[in-house]
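*Asks:* Sharing a structure below in structure tokens format, with a few things to ask.
Taken together, the values in this text are just the output of simple stated rules run on the coordinates, not laboratory data. Small disclaimer: the values here were computed from a predicted structure and weren't measured. No Cβ is skipped: glycine too gets one built from the backbone with ideal geometry, and neighbour counts run over all protein chains shown.
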Amino acid sequence: MSRNRIVYGLTLSPSGFDPHVNQSSEIGIVLRQVYDTLVYRDPDTGQFVPGLAESWTVSPDQTTYTFTLKQGVTFHDGTPFNAAAVGTTLARITAPETRSQAALGLLGPYAGYEISDDYTISIILAQPFSPLLDGLSQFYLGIASPAALNTYSNERYQFNQVGTGPYIFVEYIPDERIVLRRNPNYAWGPPFYQPPAANPIEEIEFRFFTDPSTRLTALEQGDAQVIGELPPSDARVVVGSSVIDLQTVRIPGQPDQFLFNIRQFPTDNPTFRQALLIGLNRQTIVDNIYQGFSPAAQGPLTPGVQFYLDVSVDQYQFDVQQARALISTLGFVDADANGYWDDPNGDLTLRVLVPPWGEYRQIVQVIQDQWRTIGVRVEPVAVPDFPSLVSAVDSGDYNLVSLTSYGVDPAFLRTYFTTDAARNWTGFANAEFDNLMRDAVQQLDPGLRAERYGAIQQAIMDQALILPIRNKVNLIGVSSRVHGLRFDVYGWYPIIYNASYDPSG
């Protein structure tokens, strides 16, 4: 390994690597280095700052965003950056044949664009959409070279990506590695991109460490200099290491959680769902499974999200006797005295869909043990992957399912809790709530947005639509020879341009 080359460990191997097509957040660890976006969020303040756009304005009716672009920017292939390049990226994302999984949704009610001159472009919306700037700050909407997009098909572009960012895309071999090389001409980054005085990282090789048990060993043996998502027990070991530093990075969004299926007995009853919330000691989970690195979750958003409201601190305090009392008010009895409430089919049983990722299997074991004390049997249903999870949800035969998403703007909640939402796995349908969510998304005034999202969070917890577990923290092992590495406001994505690597320490 050369002096300024590091290995960065990824925790999964995505099925695709195109920011405009694929939705995996993992690919952003790589592609945030390759692409610039029109705007960025400052990692310290969360405020929007210039990216490829040096300034922007919003029309009085809040449907037209006009961006004045930076001049003198070039793509890695030498193509000049201008308004036409932005238009080409927007056209690609919105084309039906692209089949965008994430980028298209970030544009909201997109209606088109207009180019005024080489360095002025307007994005036009069908109606106001407050999360637009947030979407434009994410790597999914990174601006790509129009020459490269015209040269390569959608299938081949993921192997030949060209942006304007601080690192140049060199090679992608699926399930093996991705290689990036520092862009020697980069001089147009956001204000918080500050290169180190010495030993900048010239080359990055991303390798896949899909087995969590191998990550600490790779760091200890020097096979990787950075790896995220360390198991909590390994992170506890790193705390005492002299050669590995531990970074605990807060991930804004939804907590690790379960959604209740309110169309299925017995979780169709809000009192029963409230009893389940009261009957779970979440602090035990975060202390034992997460080794104290993650705080227990209290609601549908984590503290890093705009307009976060700590909605349930006093609402669902752990109390076994109260939980049992609530269930008894619903008419359940334990006729055979085996410790479980009875239903028409025997013991009162909940089917919980359990994915293979994260610590969900361990969490469900704890839930199973704790809910036994309130008379409820838990039947874990293991699903091997996300498509299988979707199929299981489509069948409707479940009571709880794990699902979460990440982000800074709370508008993503509409994807999970509005009546016609694609991921409304709770089955919640309420016209008044839908209108509140619609108004929150269209409202640009921060004070009014805070009011709307406060009411939304409170309603989700009042209805007991979710079982929040913990606020996610990414446990990242970093070689002590890597200096100055930090992460952006979304928590997942490193700012490698600012970091240095010194083999001597």
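*Asks:* Given H placed on each backbone N at 1.01 Å, which residues far from TYR40 in sequence or on other chains put an amide H within less than 5 Å of it?
*Replies:* VAL49, GLY51
*Asks:* Further question: Could you run the Karplus curve 6.51 cos²θ - 1.76 cosθ + 1.60 with θ = phi - 60° over region 370-381 and give me ³J(HN,Hα) per residue in whole Hz, x for Gly and Pro?
*Replies:* In residue order, the calculated couplings are 6, 6, 4, 6, 9, x, 10, 8, 10, 10, x, 10 Hz.
*Asks:* Expected output is a single nm value to one decimal: the length gained when fully extending between GLN194 and VAL320, i.e. 0.36 nm times separation in residues minus the C-alpha distance. What is it?
*Replies:* Gain on stretching GLN194 to VAL320: 40.1 nm.
*Asks:* Quick one: length gained pulling ALA147 to ASP343 fully straight, 0.36 nm per residue minus the C-alpha distance?
*Replies:* Length gained, ALA147 through ASP343: 64.1 nm.
*Asks:* A further question follows. Could you work out the per residue convex hull volume over the alpha carbons of region 256-470, in cubic angstrom?
*Replies:* Looking at region 256-470, the number lands at 122 Å³ per residue.
*Asks:* Let me ask another. Could you sort 339-349, 227-237, 286-296 so that the peptide with the highest average Cβ count within 10 Å comes first and the rest follow in order?
*Replies:* Answer by packing, highest mean first, reads 227-237, 286-296, 339-349.
*Asks:* What order, most packed first, do the peptides 157-167, 9-19, 72-82 have when packing is the mean number of other Cβ atoms within 10 Å of each residue?
*Replies:* 157-167, 9-19, 72-82
*Asks:* Take the Cα atoms of the chain, build their convex hull, and give its volume per residue in Å³.
*Replies:* Taking only Cα atoms, the chain has a hull volume of 144 Å³ per residue.
*Asks:* Using modelled amide H (1.01 Å from N, peptide plane; none on Pro or chain starts), what sits under 5 Å from the amide H of ASP342, excluding residues fewer than 5 places away?
*Replies:* VAL333, ASP334, ALA335, LEU348
*Asks:* Largest first and in whole Å, what are the equivalent-ellipsoid semi-axes of region 294-353 based on the Cα gyration tensor, each being the root of 5 times an eigenvalue?
*Replies:* Largest first, region 294-353 gives 33, 14, 10 Å.
*Asks:* Still on this structure, I have one more. Could you give me the ³J(HN,Hα) list for region 216-227, computed from phi with Karplus coefficients 6.51, -1.76, 1.60 and θ = phi - 60°, whole Hz, x at Gly and Pro?
*Replies:* So the Karplus estimates, Gly and Pro as x, are 5, 4, 4, 5, 5, 8, x, 6, 8, 9, 9, 8 Hz.
*Asks:* Then there is this: For ARG207 paired with ASP175, estimate the spin-label separation in nm (one decimal), with each label point 7 Å from Cα along the Cα-to-Cβ line.
*Replies:* Each label point is offset 7 Å from its Cα along the Cβ direction, giving 1.7 nm.
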